[in-house]
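To start, the structure under review is shown below, and the notes come after it.
The values are calculated or read from the model by the stated rules, or taken from the named source; none is laboratory data. Computed from a prediction, not measured in an experiment: that's the story for all the values here. When we count neighbours, we look across all protein chains shown, and the Cβ atoms used for this are built from the backbone with ideal geometry, even at glycine. Side chains included, ligands, DNA and RNA excluded: accessible areas come from the protein's heavy atoms. Shrake-Rupley method; radii C 1.70, N 1.55, O 1.52, S 1.80 Å.
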Amino acid sequence: MMALLSPPPTAETLFRLHCAHLTVLPFENLSVSATDGPMANTLDGAWAKLVTSRRGGWCLEHNAVLAAACTHLGYTVTPRPGWILRRERRAAADLFGVGPARGGAGGDCGGGGDGDGAAEAGDELTVAPTLPSRHLVLEVGVPDGGTYLVDGGNGRSFAFPLPLRNVGGGWTADAAGGGAIAQPDGTWWRVVGLDADPALTALAAAEGGAGSTYRLVQYAVADDEGTSSRVRGNSGGGGREDHRRDQVVATPPSDPAAWTSYYVMDTGSTVARLADMDGVRDYFQFDAASPFRKHRLLTLLTDGGRSHMVLVDRRLKVVTYTPTAEGDPDGDRGGVVGHAGGGTVTTRTTEVGGDEAAWAAAVDAAFGVRLEGPGEAARLARAAPLPVGEAAEQGGAGGDEIFWSLMAERGAKGR
């Protein structure tokens, strides 16, 4: 099925592959509304859509293709279930049923919170999520040593894979450097145990908790507060255009509150077949609560991962990281670089105006995604109409929540 060049399956190759996947193949949900009947949930279907037709997709499609590429190159790949968290301070604690319930967890459009507080007396400390998995991630082993978390399909992903090592029967962050990896967009990402969340400390220490296979995938923005500014004006297309500039420091934050838990992964469970995730497909495509049925979503990394574009209905946000000269070394990744010396982040938000045809043209220009003829365009317009007026300016009802889900607001530390 694949006719690919085969570079050696090293860590450097994996870093390059992961970043290339996220900068070429968009995350998008247009097929959810534009498809009659259940979407294909097979490798052949995902390959035909993402590679042959050069469309985007969601986690099941992205990580099916990425897993096939990694396997082809000689890596060991194990699909794992995940839970992307909502934008609530106690989201991770709520997922595990610790303390008073304040909402649950979501799927591909979740956010996260650092979760303060502790388990209350009388809580039943069961190390298991209270909701079914709605995300798919990959554990990838490098033949010459090292294991990494790989995820090409959550819409607000890390460009470089995250290192793991075996501790207590499960994979957790490598102790070297705290396990945090500098990403090209000015963020830091890491994988840690449940005890990194203060609200889950008691759970992690409970019987069976220390050996739990559940891990938190966290990120930190590392803003230098007090240096940002915002300017507003009109874009050339007549829509509102916002700009924001923030300074990014060169080292990962030491304060645990500066880290946000974005999702949970289970390193002890294996997703044997894509068909085992048909329930995830059915939820996002048909359930009334699915965020994919309420908004049109597209995201893509560009410029080697330094820029991140997110389109929610009519609102297009582009966050661009510009490293300082001394913070742009090749390092040990053969030209694949993070942000070792700090730099500046610029955020720009514009509105995509016009009718359906103008919107489709803008999507093609920005993301390289083309609707498959008038039939798909008509189904999309009927099932997920574009917002107008004030709703368009706000990105539709709940648009800000989805924006946060797919790309963290700068300066929103430890939320």
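For the residues 135, 72, a 1.4 Å probe over the protein chains yields an accessible-area ranking, largest first, of 72, 135. Here the simple spin-label model places points 7 Å from the Cα toward Cβ, and for residue 356 and residue 288 these points are separated by 2.5 nm.
Using only the Cα atoms of segment 1-94, build the gyration tensor, take square roots of its eigenvalues as a ≥ b ≥ c, and label the shape rounded, prolate or oblate: rounded if a/c is under 1.5, else prolate if a/b is larger than b/c, else oblate. Oblate is the answer for segment 1-94, as a/c is 1.5 or above yet b/c matches or exceeds a/b.
Quick one: which of 51-62, 278-289 comes out on top by average Cβ neighbours within 10 Å, and what's the full order, highest first? Show your work: numbers first, answer last.
Numbers: 51-62: 21.4, 278-289: 15.2.
For the peptides 51-62, 278-289, the packing ranking is 51-62, 278-289.
Take residue 134: with every protein chain present and a 1.4 Å probe, its accessible area is about 50 Å².
Residues 382, 86, ordered by accessible area of protein heavy atoms at a 1.4 angstrom probe radius and largest first, appear as 382, 86. Amide H contacts of residue 262: 217, 218, 219, each under 5 Å away and 5 or more positions distant or on a separate chain (H built 1.01 Å from N in the peptide plane; Pro and chain starts excluded).
Among the protein heavy atoms, those of residue 290 account for about 0 Å² of accessible surface (1.4 Å probe, every chain in place). Simple spin-label estimate for residue 52 and residue 324 gives 5.1 nm between the two label positions (7 Å along the Cα-to-Cβ direction from each Cα).
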